[in-house]
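Readers should treat all values here as calculations from the given coordinates under stated rules, not as data from a laboratory. Everything numeric in this text was worked out from a predicted model, so none of it was measured. When we count neighbours, we look across all protein chains shown, and the Cβ atoms used for this are built from the backbone with ideal geometry, even at glycine.
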Amino acid sequence: MKYFCVFFIAAFLISGCNNNEPATGKGPYDSLFLGFYFGMEKKAFYDHCWEMNSQKKFLHGMTNQTVQYRLEKELDHPVYMSFYPYFYKDKIYQMPVTFTYEAWAPWNKDYSANVLIEKVVALMKKWYGGDFESTVHSKLGRAYARIDGNRRISVFVKDEQYVQVVFTDIPAEKKLKKEFGESQKK
C-alpha cells in the first residue's frame, strides 16, 4: 500500500507536465521495455518472463514478486533493474521499476541513488527520446517526467539505494481511479 500511495503522489505531482506528443490516434505509446507493453495480458507477461528466464536474461528478483534484469553496459557500472507490473482487468497498466547499482553499499556514496538518478534519466532519454521535465516535490525531492500520448514515465529517488521509474498508462489509470471512487461511494 505504501508504494501504491507513492505512485499516486508521483502521478499527481507529474500530471501537470505538457504532452510531448499529442494523443491523436497515431498509436498508443504502449511500449515499455524488454518486450513488455501496456495491455499485455497477465499470462503473456508470465510466459515472456519464463522464456527470458530460460535464456538466463531474467532472474527472480530480491522480493517475492519481482523480476530482475542486469544492465551490464548501458550505464557506467552494472545496475540491477527490478520490476513487476500492476494489472487492471488482467492487463498491464502500470510498471514500477527500481534501479540500483550492483555494487551499492551505504558507505559508498558514488553508488547512491542520488548519483544514479541522473544516469537513469539519461538512459530513459536514450530509450524513449526527448526531454524529461524536472520538478521538486516536498517529499520525493527532484522528480522527472515525460508524457507521450497515453504513456507517462516518472523518475525519482525512492531511497538512498533505489531510483524508481514508474510507467503508467494514463487512460487505464483514470478508469481505475473512477472505478475506485465509485466503489467508495457505495
TODO: For region 50-109, calculate the relative contact order in percent as a whole number, restricting contacts to Cα pairs under 8 Å that are 6 or more residues apart.
DONE: 22
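Can you give me the orientation-averaged projected area of the convex hull built on the Cα atoms of region 37-139, in nm²?
Values: hull surface 33.5 nm².
One quarter of the hull surface, i.e. the mean projection, equals 8.4 nm².
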- [ ] Please report the Cα spread of region 42-86 along all three principal axes, rounded to whole Å, starting with the longest.
- [x] 35, 21, 14
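How much length, in nm to one decimal, is gained on full extension between A44 and E74, taken as 0.36 nm per residue of separation minus their Cα-Cα distance? Before the final figure, lay out each step's value.
Working: separation 30, 0.36 × 30 = 10.80 nm, distance 2.65 nm.
Result for the pair: 8.2 nm of gain on full extension.
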- [ ] Treating each Cα of region 80-178 as an identical point scatterer and ignoring solvent, apply the Debye formula and state log10 I(q)/I(0) at q = 0.13, 0.16 Å⁻¹.
- [x] -0.48, -0.71
- [ ] Take the Cβ-Cβ distance between E102 and E51 as r, set R0 to 25 Å, and report the resulting FRET efficiency rounded to the nearest 0.05.
- [x] 0.55
Open item on the list: Could you check the spin-label model distance between H60 and V136? Points 7 Å from the Cα along Cα→Cβ, value in nm.
Closed with: 4.4
Task: Estimated vicinal HN-Hα couplings, Hz - region 157-162 in sequence order (Karplus 6.51, -1.76, 1.60; Gly, Pro = x) - done: 7, 7, 6, 5, 9, 10
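Please give the contour-minus-distance gain from A122 to E160: 0.36 nm per residue of separation, less the Cα-Cα distance, rounded to one decimal in nm. Could you put the intermediate results ahead of the total?
Working: separation 38, 0.36 × 38 = 13.68 nm, distance 1.90 nm.
Stretched out fully, the A122 to E160 stretch lengthens by 11.8 nm.
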Task: Of K73/K125; K57/K158; K91/K175, those spanning more than 19 Å from alpha-carbon to alpha-carbon - done: K57/K158
TODO: Give a residue-ordered list of calculated ³J(HN,Hα) values for region 44-58 (Karplus: 6.51 cos²θ - 1.76 cosθ + 1.60, θ = phi - 60°; whole Hz; x for Gly, Pro).
DONE: 5, 4, 5, 4, 5, 4, 4, 5, 5, 5, 5, 8, 6, 8, 10
